[in-house]
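> I am attaching a structure below and will ask some questions about it afterwards.
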Amino acid sequence: MRKLAAALALVFALAAPAFGKVKVVSSLQDFASLADAIGGNRVETFALAKGYQDPHFVDAKPSFILKLSNADLLIVAGLELEIGYLPPLIDQSRNDKIHPGSPGYLDASIGCDILNRPTTQVTRAMGDVHPYGNPHYWTDPGNGRVIARAISAKLTQLDPGGKDAYDKNLAAFEAKLTEKEKEWSAKMAPYAGARIVTFHDSWPNFAKHFKLDIRGHIEPKPGIPPTPSHTLEIINLITAEKIPLILVEPYFDRKTPDAIGAKTGATVLMFYPSVGGIPQIKDYFSLFDHDIDAFVNAMKGKK
Ligand SMILES: [Zn+2]
């Protein structure tokens with residue numbers, strides 16, 4: 001019996017960190033998915049923003065404070081994506097471990113390819129919610145790899161006993177990502193250079209990776225709703241350049257894009273920037289699987 005207990009104790013010691021699971025809170029489901037892939041059964045993840053919500057504007061629930069007060073690690077997109085809701089929640093959590101600069105705080109943008117960094121001084125007073133560069137950078141799988149490595153390093157730092165598991169899981173994740181990138185690039189290759197319009201400026205990294213040409217946005221500036229004059233400009237642009245596709249994130253009103261589509265013949269396609277946008281987008285891989293298949297289907301017969 002004692003032998004069995006000892007054996008069981010060993011199994012549990014291998015399966016989970018001595019102090020229980022590493023509690024990871026992330027702003028986005030995408031980061032939670034990556035943390036699950038790397039952390040396996042050593043971590044417990046919770047995402048504040050759901051994939052079907054606008055990641056700039058999240059309703060802060062009281063339950064978030066409890067999650068944050070118990071967290072060992074907080075993963076954020078940074079670049080002010082969470083500025084509208086997260087800083088007061090961190091303060092109210094009274095958890096020193098996850099304050100910016102603390103070991104339990106990970107800004108996932110570090111080391112990633114960040115596009116549209118400002119060359120002049122900008123402020124949010126100008127109405128742009130992307131003041132320090134585009135914060136939707138996880139839509140490039142190359143950045144997903146960088147983020148996965150950062151999460152692995154951070155988990156190893158917080159839970160050194162899990163190093164072997166994190167190394168192994170990261171290697172498996174990267175091997176699968178390499179395979180998937182080949183598959184995705186092959187599917188997108190016939191559409192290299194395709195011109196598109198998007199509702200919000202969510203897709204510059206995706207477009208760079210998959211060689212799409214974003215010609216304009218339905219929002220006059222990131223975070224500013226459509227205006228009649230700008231909508232007319234977009235209609236003229238789509239007509240002049242015969243742009244076949246308008247991508248719309250799931251949390252925006254389809255009224256304006258549908259009207260533009262009806263006027264110009266462009267197809268309006270719901271395009272999901274995050275894991276959890278719909279139930280079948282359950283992890284970082286199925287995010288690209290779903291969007292790329294939807295894109296290819298929408299473009300068939302358009303060329
Ligand atoms: Zn944005």
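The values are calculated or read from the model by the stated rules, or taken from the named source; none is laboratory data. Predicted model only: the values in this text are computed from it and were never measured. Here Cβ is always computed from backbone atoms with ideal geometry, including for glycine, and neighbour counts include all displayed protein chains. When the accessible area is computed, the model is the full protein with side chains, heavy atoms only, and any ligands, DNA or RNA have been set aside. Shrake-Rupley method; radii C 1.70, N 1.55, O 1.52, S 1.80 Å.
> Residues that are touching a helix residue (DSSP H, G or I) at 6+ places or on another chain (Cβ under 9 Å) and crowded, with 21+ Cβ neighbours inside 10 Å: does segment 122-133 have at least one?
No, segment 122-133 contains no residue that is touching a helix residue (DSSP H, G or I) at 6+ places or on another chain (Cβ under 9 Å) and crowded, with 21+ Cβ neighbours inside 10 Å.
> Given the condition within 16 Å of the ligand (Cβ to nearest atom) and outside any helix (DSSP H, G or I), answer yes or no: does some residue in segment 138-160 qualify?
For segment 138-160, residues within 16 Å of the ligand (Cβ to nearest atom) and outside any helix (DSSP H, G or I): present.
> Another question, if that's okay. Among the candidates A9, A37, which residue alone is at pLDDT below 55 and either open to solvent by 30 Å² or more (accessible area, probe 1.4 Å) or β-branched (V, I, T) (or both)?
A9
> Count, please, the residues in segment 48-60 that happen to be open to solvent by less than 10 Å² (accessible area, probe 1.4 Å) and closer than 19 Å to I98 by Cα.
Result for segment 48-60: 2.
> Can you tell me which residue within segment 183-206, out of those that are away from the ligand (no atom under 16 Å from the Cβ) and charged (D, E, K, R), is nearest to I234 (Cα to Cα)?
Among them, the one singled out is R195.
> Another question, then. Please identify the pairs in which a residue from segment 220-240 that is more than 11 Å from F199 (Cα to Cα) and away from the ligand (no atom under 16 Å from the Cβ) has its Cβ atom under 6 Å from the Cβ atom of a residue that is open to solvent by less than 80 Å² (accessible area, probe 1.4 Å) and of a type in the set (A, V, I, L, M), counting only partners at least 6 apart or on another chain.
I235/I260; I238/A266
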